Amino acid sequence: MRTSRRLFISGISALAAAIVTLPLYSWRKRESGSCLGESPATDINARGDVPIYATVTGMSTLSIPANINALRVTGYSAVGDGGGALYKKVGSEPSHAGKFQTEGGFWWEIAEGQDSTADMLGAAGDEITDDSAAVKSAIALRSATSRRYLVASVNTFCNAEMFERVIDSGATSNPVVNIVNDTEFWKLTGRVESVDGIGIRDNSNGASKIIISGADVIGSSYGLLSDDAQSTDLRDVIISTSFMYSDRADVIALNHFDGNAQNFIVTGNILGTGVGSTFPGSGFGLSVAGTKGWLLGDSIIKFSRSEAIHIEDEQREGQISNVTVRETIDHGLYISRSAESGGQGPSDGINVSNLIVKHNKDHPNHSTGSKVGFYGIYILATEHGSAPACNFSNVRAHGFEYGFNIGGGSAVEVCNIQNGYAKDCDCAVNLAFGATVRGEILATDCPTLIRSGNNSEIESVVTNTVPNAILNYVGTATNNGVLIRHLQFPKLLTHRGDGAEIFDLMDMPTRLMARISIRLNNRNHSFYMCLDARFNGMDFDITTGTDISSHIGNFSGATLMNNSGKLALRVTSTTAVSAKRLIVDIRGDIYSSKDLLAY
């Protein structure tokens with residue numbers, strides 16, 4: 001008998017309507033035949049599955065068979081509204097919102113092992129209904145049901161993501177996570193915590209495309225240690241938007257002395273070390289050696305027990321940008337060539353921009369409680385004979401003995417500093433033998449501006465606070481002094497107002513050929529003078545025709561002179577002046593092989 005197409009479609013529609021009217025848990029396609037009279041709920045549970053109900057709403061009116069210990073719902077208020085979840089039976093009312101009660105007083109709660117969402121707790125998500133309670137409850141539920149797993153050590157795998165929270169068993173020799181040979185494209189987004197060892201360890205061959213993002217890494221010793229104990233050639237690594245911590249050693253150590261590791265981006269992180277150490281000389285925020293192509297950026301180092309950033313030994317193409325070191329009890333940024341005698345090649349200089357380093361001598365774990373011996377920017381010359389050439393821009397050092405400590409040597413490489421700033425340092429900049437600095441260093445509350453050895457040169461130092469000393473010269477006294485191209489400092493001028501007076505500004509340098517300008521800006525008294533001056537060690541001369549001056553109020557006759565070995569200002573005033581700010585600017589060649597004090 002033939003059936004018309006219209007009758008056939010009508011029959012299917014009727015069958016579908018009949019199926020929809022059945023309880024969701026009582027209809028399910030069977031993979032093999034069975035008696036239709038068999039209880040669907042009992043049969044499904046026996047097969048290791050769970051019964052399915054429509055929605056959480058209305059469950060309180062249902063009687064669930066006693067042998068059912070878990071069930072699914074396909075929605076919260078309506079089927080398919082996103083609120084579907086797996087629930088398990090519990091013995092008492094849960095303390096969170098992910099629950100319902102059925103007939104007989106039985107309680108059910110959202111089972112662990114699934115991401116609890118606001119939809120599961122009744123959120124409408126329509127931008128009209130206030131879903132505050134559901135959203136808050138979902139966040140609280142995820143926190144309450146999160147798990148932490150105890151492991152001995154976990155190896156990395158290719159094309160895999162690790163999002164679990166894991167903690168090790170306390171064995172010092174085992175890292176929590178071990179990057180193994182030839183791992184490619186592995187990602188960590190979970191939490192790794194070591195009780196007495198290393199968080200993440202790499203001594204692999206061939207590992208690449210390693211991503212640590214949105215993670216929390218806690219090491220009892222190292223947070224992340226990648227070294228060449230087995231000639232690692234780790235490459236293409238991104239560490240971003242993560243929390244990294246080490247209790248007793250370095251937070252991140254990229255110690256690739258064989259120079260094969262390359263391409264590391266460390267950005268958007270918060271790093272910190274603990275105060276205890278069983279690893280002498282460690283406790284860096286970031287340590288880099290022998291690594292080619294690396295970037296540290298947009299990060300904060302909360303605290304470091306040793307140098308906050310430690311750079312040495314054959315590193316190449318390195319950059320630091322937008323980094324704040326909030327507290328260190330050692331040096332801020334340390335750059336060195338210290339192992340060339342061991343076979344490593346020379347280290348490239350690095351580019352550094354927008355860096356802040358702050359030293360805390362008053363920290364209870366500080367080794368001396370003093371600034372002495374601790375430097376903000378520490379560029380060290382070693383056996384190679386020179387320090388690496390570096391470029392600095394917008395770098396601030398606060399609270400050190402030397403804000404900038406620039407190494408030198410026989411093979412001089414120029415250090416470029418643009419907008420360097422030293423605050424509350426004993427000395428703004430220290431120039432080792434042969435050091436050459438281009439650019440400008442600004443100083444505030446630094447008693448001494450420059451400390452220098454032989455054959456050194458600095459382009460510009462400017463201070464907005466009155467210094468005690470311009471130059472502390474520690475080199476030899478004959479023909480090997482320091483050359484200063486530009487110097488600016490303030491003095492406080494007090495004048496009795498009864499004629500001409502002489503005010504010593506600074507010690508006369510060994511040699512001088514410069515344009516000197518002096519200005520005093522005050523509402524009632526001001527003057528400006530500018531002239532070319534020369535001192536050859538014996539005679540002080542002002543070049544004829546170069547004197548430019550102007551006076552407002554009662555000043556007149558301003559000029560410069562050699563006052564018994566002091567560069568001095570002679571000025572006449574008919575009105576008393578008390579402690580007015582005088583700016584001295586010397587631009588040219590200031591050469592000295594002796595101390596220069598400010599008076």
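Any idea which of (1) of a type outside the set (Ser, Thr, Tyr); (2) buried (at least 17 other Cβ atoms within 10 Å of the Cβ); (3) more than 28 Å from Glu457 (Cα to Cα) is the one Ile586 doesn't satisfy?
(3)
Residues of the range 290-301 being at pLDDT below 95 and either part of a strand (DSSP E or B) or under 13 Å from the mean Cα position of the chain (by Cα) (or both), which ones? Full working, then the answer.
Just the residues of the range 290-301 that are at pLDDT below 95, to begin with: 290-294.
Answer for the range 290-301, where residues must be at pLDDT below 95 and either part of a strand (DSSP E or B) or under 13 Å from the mean Cα position of the chain (by Cα) (or both): Lys292, Gly293, Trp294.
Could you count how many residues in the range 540-552 are closer than 15 Å to Ala514 by Cβ and modelled with pLDDT of 80 or more? Give the derivation first.
Of all residues in the range 540-552, those closer than 15 Å to Ala514 by Cβ come to 540-543, 546-548.
Filter again for modelled with pLDDT of 80 or more, leaving 540-543.
Matching residues across the range 540-552 total 4.
I'm trying to understand the selection: among the residues of the range 256-281, which are open to solvent by 10 Å² or more (accessible area, probe 1.4 Å) and at pLDDT below 85?
Hits for the range 256-281 are Phe257, Asp258, Asn260, Val275, Gly276, Ser277, Thr278, Phe279, Pro280, Gly281.
For the range 50-78, which residues satisfy the criterion of being among the aliphatic types (A, V, I, L, M) and touching a residue at least 24 places away in the same chain (Cβ under 8 Å)? I'd like the intermediate steps shown before the answer.
So the first thing to find is which residues in the range 50-78 are among the aliphatic types (A, V, I, L, M), and the list is 50, 52, 54, 56, 59, 62, 64, 66, 68, 70-71, 73, 78.
Matches in the range 50-78: Val50, Ile52, Ala54, Val56, Met59, Leu62, Ile64, Ile68, Ala70, Leu71.
Of the residues Ile502, Ile516, which is of a type in the set (A, V, I, L, M, F, W, C), exposed (fewer than 15 other Cβ atoms within 10 Å of the Cβ) and within 15 Å of Lys566 (Cβ to Cβ)? Steps first, please.
Working: Ile516 fails: exposed (fewer than 15 other Cβ atoms within 10 Å of the Cβ).
Just one listed residue meets the conditions, Ile502.
Which of the following residues is touching a residue at least 24 places away in the same chain (Cβ under 8 Å), farther than 17 Å from Phe264 by Cα and not assigned by the TED database to the domain that holds His256: Gly199, Gly122, Gly170? Break it down into steps so the answer makes sense when it comes.
On the way: Gly199 fails: not assigned by the TED database to the domain that holds His256; Gly170 fails: not assigned by the TED database to the domain that holds His256.
Exactly one residue qualifies, and that residue is Gly122.
With surrounded by 15 or more Cβ atoms within 10 Å (Cβ to Cβ) and more than 22 Å from Gly214 (Cβ to Cβ) as the only criterion, which of Gly75, Gly170, Gly105 stands out?
Values: Gly170 fails: surrounded by 15 or more Cβ atoms within 10 Å (Cβ to Cβ); Gly105 fails: surrounded by 15 or more Cβ atoms within 10 Å (Cβ to Cβ).
After applying the criteria, what remains is Gly75.
Restricting attention to the range 428-455, which residues are at positive phi, open to solvent by less than 30 Å² (accessible area, probe 1.4 Å) and not in a strand (DSSP E or B)?
We begin by selecting, within the range 428-455, every residue at positive phi; these are 434, 439, 445, 455.
From what is left, the residues that are open to solvent by less than 30 Å² (accessible area, probe 1.4 Å) are 434, 439.
Correct list: Gly434 only.
Six or more apart or on different chains, Cβ under 6 Å: which pairs go from a residue in the range 475-486 that's buried (at least 16 other Cβ atoms within 10 Å of the Cβ) to one that's of a type in the set (Phe, Trp, Tyr)? Could you list them?
That search, which allows pairs on different chains as well, returns Gly481/Tyr591; Leu483/Tyr591.
Limited to the range 83-117, what total is found for residues that are of a type outside the set (A, V, I, L, M, F, W, C) and within 15 Å of Tyr53 (Cα to Cα)? Spell out the reasoning first.
Of the residues in the range 83-117, the ones of a type outside the set (A, V, I, L, M, F, W, C) are 83-84, 87-89, 91-96, 98-99, 101-105, 109, 112-117.
Then drop every residue that is not within 15 Å of Tyr53 (Cα to Cα), which leaves 83-84, 87-89, 99, 101-103, 109.
Count: 10.
State whether one or more residues within the range 111-131 are aliphatic (A, V, I, L, M), touching a Lys or Arg at 6+ places or on another chain (Cβ under 7 Å) and surrounded by 13 or more Cβ atoms within 10 Å (Cβ to Cβ). Walk me through it before giving the result.
Of the residues in the range 111-131, the ones aliphatic (A, V, I, L, M) are 111, 118, 120-121, 123-124, 128.
Cutting the leftovers down to touching a Lys or Arg at 6+ places or on another chain (Cβ under 7 Å) gives us 111.
The next check asks that each one be surrounded by 13 or more Cβ atoms within 10 Å (Cβ to Cβ); those that pass are 111.
Taking every residue of the range 111-131 in turn, at least one turns out to be aliphatic (A, V, I, L, M), touching a Lys or Arg at 6+ places or on another chain (Cβ under 7 Å) and surrounded by 13 or more Cβ atoms within 10 Å (Cβ to Cβ).
Given the condition in a strand (DSSP E or B) and within 23 Å of Thr448 (Cβ to Cβ), answer yes or no: does some residue in the range 493-500 qualify?
Keep residues of the range 493-500 that are in a strand (DSSP E or B), which gives 493-495, 499-500.
The next check asks that each one be within 23 Å of Thr448 (Cβ to Cβ); those that pass are 493.
So far as the range 493-500 goes, yes, one or more of its residues are in a strand (DSSP E or B) and within 23 Å of Thr448 (Cβ to Cβ).
Restricting to the range 285-327, count the residues that are open to solvent by less than 10 Å² (accessible area, probe 1.4 Å), among the polar types (S, T, N, Q) and farther than 20 Å from Ser246 by Cα.
Counting residues in the range 285-327 that are open to solvent by less than 10 Å² (accessible area, probe 1.4 Å), among the polar types (S, T, N, Q) and farther than 20 Å from Ser246 by Cα gives 2.
Return the only residue of Asn269, Asn263 being without any contact (Cβ under 8 Å) to a residue 40 or more places away in the chain and over 17 Å from the mean Cα position of the chain (by Cα). Full working, then the answer.
Working: Asn269 fails: over 17 Å from the mean Cα position of the chain (by Cα).
From the options Asn269, Asn263, the qualifying one is Asn263.
Are any of the residues in the range 477-487 modelled with pLDDT of 95 or more and either part of a loop (DSSP other than H, G, I, E, B) or touching a helix residue (DSSP H, G or I) at 6+ places or on another chain (Cβ under 7 Å) (or both)?
no
The values are calculated or read from the model by the stated rules, or taken from the named source; none is laboratory data. This one's a predicted model, so the numbers in the text were calculated from it and none came from an experiment. In this analysis, Cβ positions are derived from the backbone assuming ideal geometry, glycine residues included, and neighbour counts consider all displayed protein chains. We work out accessible area using only protein heavy atoms, side chains counted, and drop any ligands, DNA or RNA first. Shrake-Rupley method; radii C 1.70, N 1.55, O 1.52, S 1.80 Å.
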